[in-house]
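J.: Structure incoming, see below.
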Amino acid sequence: MSLSPPLKAPSVQAMSHIADWAEKVARELLKEELQRRWAHSQGVAAQAASLADILGEQADLIVAAAWLHDIGYSPAVAATGFHPLDGARYLRDVRHAGTRLCRLVAHHSCALIEAEERGLAGVLLAEFEPERPELADALTYCDMTTGPDGRHLTVEERLAEIRTRYGRGHIVDRSIERATPRIKNAARAITGRLRRYPTNGVPEFCR
Ligand SMILES: [Fe+2]
């Protein structure tokens with residue numbers, strides 16, 4: 001796979017194009033070699049785009065993070081084998097992406113819990129601070145309501161799918177078990193915000 005020269009992240013002035021840039025980077029890294037991850041990433045990005053009303057000016061950032069959250073699985077990116085850390089380091093060091101985008105990828109879907117299981121929590125936190133909870137929740141919601149083929153799932157279906165795929169006792173299974181309450185809380189927070197902000201209507205909090 002040809003990856004050079006890497007497409008650098010847009011400047012702060014061009015932040016409105018960050019999601020377009022992120023899609024190109026994810027496509028380059030996933031589409032050929034990891035087709036299912038690519039399908040999943042497309043679904044997660046679509047889910048993120050559907051949250052535009054409640055995310056406001058943060059929508060582009062979250063859509064970008066949705067495109068990029070799993071690039072750490074790419075053979076061109078993987079280093080430690082812990083994909084949130086590998087993806088965030090790649091974005092920071094190779095693509096010169098913004099701090100907030102790197103933080104979102106590093107901590108997506110309660111990654112800190114799996115980092116603890118892998119003995120990488122100190123490294124993860126030293127390099128990438130967690131992002132604001134409401135933004136982290138939005139990305140968690142998008143990832144945890146999208147199946148491996150990109151189709152929409154309930155959070156319960158998604159959690160069960162992951163645990164079945166990895167198998168009982170696997171480090172991912174143990175991590176997901178520990179993360180389940182936080183993932184469900186994140187999903188509840190986002191669905192609550194969506195209910196208060198119906199599409200084509202006046203938000204409940206503005207009435
Ligand atoms: Fe994902």
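The values are calculated or read from the model by the stated rules, or taken from the named source; none is laboratory data. Being a predicted model, the structure only gives us computed values, none of them experimental. Here the Cβ positions follow ideal geometry from the backbone for every residue, glycine too, while neighbour counts run over all protein chains shown.
J.: Can you find a residue that is surrounded by fewer than 16 Cβ atoms within 10 Å (Cβ to Cβ) and away from the ligand (no atom under 16 Å from the Cβ) anywhere in the stretch 133-143?
T.: yes
J.: Sticking with this structure for a sec: Under the condition of being polar (S, T, N, Q) and part of a helix (DSSP H, G or I), which residue from the stretch 144-179 is farthest from the chain's Cα centre (by Cα)?
T.: THR164
J.: Which of the residues spanning the stretch 144-168 are crowded, with 21+ Cβ neighbours inside 10 Å and more than 13 Å from the ligand (Cβ to nearest atom)?
T.: Passing the criteria: none in range.
J.: Same structure, new question: Restricting to the stretch 57-74, name every residue that is away from the ligand (no atom under 15 Å from the Cβ) and within 23 Å of HIS152 (Cβ to Cβ).
T.: GLN58, ALA59, ASP60, LEU61, listed by residue number.
J.: Looking only at the stretch 109-120, count every residue that is within 12 Å of the ligand (Cβ to nearest atom) and among the charged types (D, E, K, R) and tell me the total.
T.: 0
J.: Under 6 Å between Cβ atoms, which residue pairs at least 6 apart in sequence (or on different chains) link something in the stretch 180-198 that is among the small types (Gly, Ala, Ser) with a partner that is at pLDDT 95 or above?
T.: Close Cβ pairs satisfying both conditions: ALA186/ASP137; ALA186/THR140; ALA186/TYR141; ALA187/TYR141; ALA187/VAL155; ALA189/ASP137.
J.: Another one. Looking at VAL77, VAL123, can you tell me which residue is within 16 Å of the ligand (Cβ to nearest atom) and β-branched (Val, Ile, Thr)?
T.: Of VAL77, VAL123, the one residue that is within 16 Å of the ligand (Cβ to nearest atom) and β-branched (Val, Ile, Thr) is VAL77.
J.: Within the stretch 147-167, can one find any residue that is closer than 26 Å to GLY98 by Cα and polar (S, T, N, Q)?
T.: No: the stretch 147-167 contains no residue that is closer than 26 Å to GLY98 by Cα and polar (S, T, N, Q).
J.: Here is a further query. Residues that are of a type in the set (Gly, Ala, Ser) and touching a residue at least 12 places away in the same chain (Cβ under 8 Å): which helices (runs of 4 or more DSSP H) entirely in the stretch 48-114 hold 3 or more of them? It would help to see each step written out before you state the result.
T.: Numbers: elements: 52-55, 59-68, 83-93, 99-106.
It comes to 59-68.
J.: Based on what the data block shows, is ALA97 at pLDDT 95 or above, crowded, with 22+ Cβ neighbours inside 10 Å, of a type outside the set (Phe, Trp, Tyr) and on the phi < 0 side of the Ramachandran plot?
T.: For ALA97, the condition - at pLDDT 95 or above, crowded, with 22+ Cβ neighbours inside 10 Å, of a type outside the set (Phe, Trp, Tyr) and on the phi < 0 side of the Ramachandran plot - is met.
Listed here are the residues, each with its yes/no results for (1) under 17 Å from HIS108 (Cα atoms); (2) at pLDDT 95 or above; (3) loosely packed, with under 15 Cβ neighbours inside 10 Å.
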residue: GLU28; (1), (2), (3): no, yes, no
residue: LYS31; (1), (2), (3): no, yes, no
residue: GLN35; (1), (2), (3): no, yes, yes
residue: SER41; (1), (2), (3): yes, yes, no
residue: ALA49; (1), (2), (3): yes, yes, no
residue: LEU61; (1), (2), (3): yes, yes, no
residue: ASP70; (1), (2), (3): yes, yes, no
residue: SER74; (1), (2), (3): yes, yes, no
residue: ALA78; (1), (2), (3): yes, yes, no
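J.: Hey, another quick one. Looking at the stretch 127-143, can you tell me whether even one residue there is touching a Leu at 6+ places or on another chain (Cβ under 6 Å), outside any helix (DSSP H, G or I), in contact (Cβ under 8 Å) with a residue 40 or more places away in the chain and of a type outside the set (Lys, Arg)?
T.: Checked the stretch 127-143: no residue is touching a Leu at 6+ places or on another chain (Cβ under 6 Å), outside any helix (DSSP H, G or I), in contact (Cβ under 8 Å) with a residue 40 or more places away in the chain and of a type outside the set (Lys, Arg).
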